[in-house]
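Trainee: Have a look at this one before I ask anything.
The values are calculated or read from the model by the stated rules, or taken from the named source; none is laboratory data. On a predicted model such as this, the values are computed, not experimentally measured, just so you know. Positions of Cβ are backbone-derived with ideal geometry, glycine not excepted, and every protein chain shown enters the neighbour counts. Just the protein is used for accessible areas: all its heavy atoms, side chains included, with ligands, DNA and RNA removed. Shrake-Rupley method; radii C 1.70, N 1.55, O 1.52, S 1.80 Å.
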Amino acid sequence: MVNSYNFGIKAEALAAEYLRRHKYVIINKRYKTKYGEIDLITLKDNSIIFIEIKYRKMLLDAHYALTERQCKRIINAAQYFFSENENYINYDCRVDLIIFNSSFNLKHYENIISSDN
């Protein structure tokens with residue numbers, strides 16, 4: 001049995017591999033701020049993409065993966081990233097979610113946080 005920490009490490013590595021295969025460039029892993037951690041920060045075309053990685057028993061449960069509080073944490077951490085990395089300030093940005101199940105199958109959801117949050 002894989003403990004949750006090791007599962008998380010493996011899931012992050014698999015997500016990074018998946019993203020690289022899809023032409024994303026990983027620019028930061030486990031980016032820590034006073035607001036919380038962003039699992040992966042990537043670059044693709046002219047966009048900065050903040051990636052949240054989650055585990056759910058079933059991939060279909062993805063729409064329950066992020067709470068409103070977690071979305072706000074990600075937004076605040078992303079704003080902090082831009083304040084520290086002004087060279088990316090004119091890039092488009094979005095937040096994506098990658099969900100893994102216990103068999104390490106993944107589902108990638110793009111642009112999961114609307115401007116209403």
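Trainee: Return the pair list, or none, for Cβ contacts closer than 7 Å from residues in the stretch 68-92 that are without any contact (Cβ under 8 Å) to a residue 60 or more places away in the chain and crowded, with 16+ Cβ neighbours inside 10 Å to residues that are among the charged types (D, E, K, R) and part of a helix (DSSP H, G or I), at least 6 apart or on different chains.
Mentor: Qualifying pairs under 7 Å: none.
Trainee: Restricting attention to the stretch 38-58, which residues are farther than 11 Å from F81 by Cβ, open to solvent by less than 70 Å² (accessible area, probe 1.4 Å) and in a strand (DSSP E or B)?
Mentor: The first filter runs over the stretch 38-58 and keeps only residues farther than 11 Å from F81 by Cβ, leaving 39-40, 42-47, 49, 51-58.
Among the residues that remain, those that are also open to solvent by less than 70 Å² (accessible area, probe 1.4 Å) are: 39-40, 42-44, 47, 49, 51-54, 56.
Those that are farther than 11 Å from F81 by Cβ, open to solvent by less than 70 Å² (accessible area, probe 1.4 Å) and in a strand (DSSP E or B): D39, L40, T42, L43, K44, S47, I49, I51, E52, I53, K54.
Trainee: Now, a different point. Pull up the stretch 12-37, narrow it to residues that are among the aliphatic types (A, V, I, L, M) and in a strand (DSSP E or B), then point me to the one that is most open to solvent (accessible area, probe 1.4 Å).
Mentor: Here the residue is V25.
Trainee: Go through Y5, Y80 for me and flag whichever is among the aromatic types (F, W, Y) and either assigned to a strand (DSSP E or B) or out of contact with any strand residue (DSSP E or B) (no Cβ under 6 Å at 6 or more places or on another chain) (or both).
Mentor: Working: Y80 fails: either assigned to a strand (DSSP E or B) or out of contact with any strand residue (DSSP E or B) (no Cβ under 6 Å at 6 or more places or on another chain) (or both).
Just a single option satisfies the conditions, and that option is Y5.
Trainee: Going through the stretch 43-76 one residue at a time, which ones are farther than 21 Å from S102 by Cα and touching a Leu at 6+ places or on another chain (Cβ under 6 Å)?
Mentor: none
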